[in-house]
Each structure stands twice: as C-alpha cells, then as structure tokens.
Amino acid sequence: MDTNLENIAKKIVIAIDGPAGSGKSTTAKIVAEALKYIYVDTGAMYRAVTLAWIRENKEYNEDNIIDLCKNIDITLENTSLGQRTFLNKQDVSEEIRSSEVTQLVSPVSAIPKVREILVDMQRKMGENGGIVMDGRDIGTVVFPNAELKVFLTADIKTRAQRRYNEIINKGVNADINSIEQEILKRDKYDSSRETSPLRQADDAIEIDTSNMTLSQQANYVIGLAKAVINEINV
Ligand code: CDP
Ligand code: CDP
C-alpha cells in the first residue's frame, strides 16, 4: 500500500484560459511544476496544425485542412528543455511561434472539425487528472467539470509590452504597435468564432494580472489549487 499521501491524493484538472499575453502558459508551467502535474499547452497543438498546413503550401480550404489534421501526428513531450511540440516526430517548438503561424492560427483553429479532433486528444491527455491545461476553451468545452478554472486577463498595453519584451530579449527587432494590433485582431477572431470561442466559464476565477509579477500570479494560482486539492482530499 502506498503510504505517501502526495501519491494517493486525488489529482485534479486545472483549466487556465484567457487572451494572448495574459501569462497562461508561463503560469501553467510553474503551477504544474509545483504540483508535479503535467502541463499541456493546447495553443501549441493548434499552432502545429497551422504549421503543417503552411508547409503543404495549398490554398486556404477547410476540407484540405481537416484532411491534413486527421493525418498528422502531434505530440507534446516533456524534456530537459521543457515541453516540446513534435509534428510528425519533428521538433517544431520554435517554428510554431513564427509570426506567419501566429497570423494564420486563428482561422485554422476556428474550423469546427479541427477543434473536434484536437479537443478529443486533449480530453484523453487529461482523463486521469494531474493536469494543468491552458488555452481558450479549456474551462468551457474541453474540461467543463475541471475542479479549478482560472481565467487570466490583463489590459492590452500590458499584454503587448510582455510580448514585445519577449521578442526583444531574443535579440529580434519588434514594433510594439503592430504587436498590439496583432493581439487585438487574434483576440477578436478567437472570441467571435462560432465553435468554442474564447470565453470565461461561469465558474472560473478571473484574475487581472495587469499589475502582477509572474511569480505573484503563479503563486496565487498554486494557492487556489492547493485549497481545492485539500478540500477534495479531506
Ligand atoms: O501564446 P498565445 O496566447 O500567443 O497563443 P496560443 O495559446 O499559442 O494559441 C494560439 C492560437 O490557437 C489562439 O490565438 C487560438 O486561435 C488558438 N487556440 C484555440 O483556439 N484554442 C485553444 N484551446 C488554444 C489555442
Ligand atoms: O500564454 P499567454 O499568451 O497567455 O502568455 P505567456 O506566454 O505565458 O506570457 C507572455 C509573456 O509575459 C511571457 O514572457 C511572461 O514571462 C510574461 N509575463 C510577465 O512578464 N508578467 C506576468 N505577470 C505574466 C507574464
């Protein structure tokens, strides 16, 4: 019998949603590490489908993208370099962050059948709990029964500044105004699509991170998660 309480405690599903640059993925990674849970970046999966389609070099056509989506292999693997995204066994973790992918990912991820295929994969990944998943529809569609749902927000200037800093720190030039426009455009597209739009679940806890540091927001979510885990395991 396992006498280690940590190992026998029921593991929950933590859903983190919100618009671009609200700090979902960095927060989710820290929370997963602190709880020894698995982190799943669902945005990386939609980005991988988009990259596969760009590589096909075909005209935009929903049926082609759906066919492609059925025939590609997308995996997320945890390595010493953090979580990596593989498309047909090739590590595409950097390529899926290109501005070309970023500009095309919203229309690709608005295709209902594409969502159905990826949501199915995401549900399988989280079926045993012990997961921190971030995206746009995790609390509303993928795991509507998640034990903890968090919706992160921040004002647009802050989110654009965060993305700008990220790019500049990589030694690449960037224009903060075009970053702001790209974020606004993507948020609008993601919020207004018909199938599982970006939306806060009714039972999600909203956290405005505009004036929070990354560690403040991560610690806040870890605190919420520990409270839920304790409550469930009494
Ligand atoms: O990190 P960033 O906020 O730039 O975006 P991301 O999380 O990598 O997601 C990229 C895009 O994938 C989003 O703009 C959405 O169009 C789509 N996405 C989605 O539709 N549903 C999800 N669960 C996650 C991402
Ligand atoms: O996943 P999402 O697009 O919501 O955001 P992210 O990729 O987790 O965060 C975007 C950038 O903002 C990262 O470089 C974070 O380190 C940074 N960030 C920050 O500076 N302060 C915060 N309170 C949260 C995130």
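Using the Cβ of Ser210 as centre and a radius below 9 Å, the other residues enclosed give a net charge of 0, where K and R count +1 and D and E count -1. The residues packed around Gly18, meaning those with a beta-carbon under 12 Å from its beta-carbon, carry a net charge of -2 if Lys and Arg are +1 and Asp and Glu are -1.
Put simply, the amide H of Val40, placed in the peptide plane, has neighbours under 5 Å in Val132, Met133, Asp134, leaving out anything fewer than 5 places away on its chain.
Here's the list of lysines a cross-link from Lys70 could span, going by alpha-carbon distance under 20 Å and ignoring same-chain residues fewer than 8 apart: Lys58, Lys89, Lys113, Lys124. Computed from Cα atoms, the angle from the helix 42-56 axis to the main principal axis of the chain rounds to 20 degrees. Taking only the C-alpha atoms of the range 124-225, Rg followed by Dmax gives 15.4, 43 Å. Three principal axis extents describe the C-alpha atoms of the range 67-112; from largest down they are 33, 25, 15 Å. Given charges of +1 on the Cβ of Lys and Arg and -1 on the Cβ of Asp and Glu, with all other atoms neutral, how large is the dipole of the range 13-225 about its Cα centre, in debye to the nearest 20? Taking the Cα centre of the range 13-225 as origin, the dipole is about 280 debye.
Compared with the dominant principal axis of the Cα atoms in the chain, helix 99-109 is inclined by about 70°.
Shape summary: the range 1-118 maps onto an equivalent ellipsoid whose semi-axes, from the alpha-carbon gyration tensor, are 31, 15, 14 Å in decreasing order. The Stokes-Einstein estimate for the range 13-225, based on a Kirkwood radius over Cα pairs and taken at 10 °C with 1.306 mPa s viscosity, is a diffusion coefficient of 91 µm²/s.
For the chain, relative contact order (Cα pairs under 8 Å, six or more residues apart, normalised by length) works out to 33 percent. With the gyration tensor restricted to C-alpha atoms of the range 71-187, the semi-axes of the equivalent ellipsoid amount to 26, 19, 16 Å, longest first.
The numbers here are math on the coordinates, done by the rules we state, and not lab data. The structure presented is a predicted model; accordingly, all values stated were derived computationally and were not measured. We place every Cβ from the backbone using ideal geometry, glycine too, and count neighbours over all the protein chains shown.
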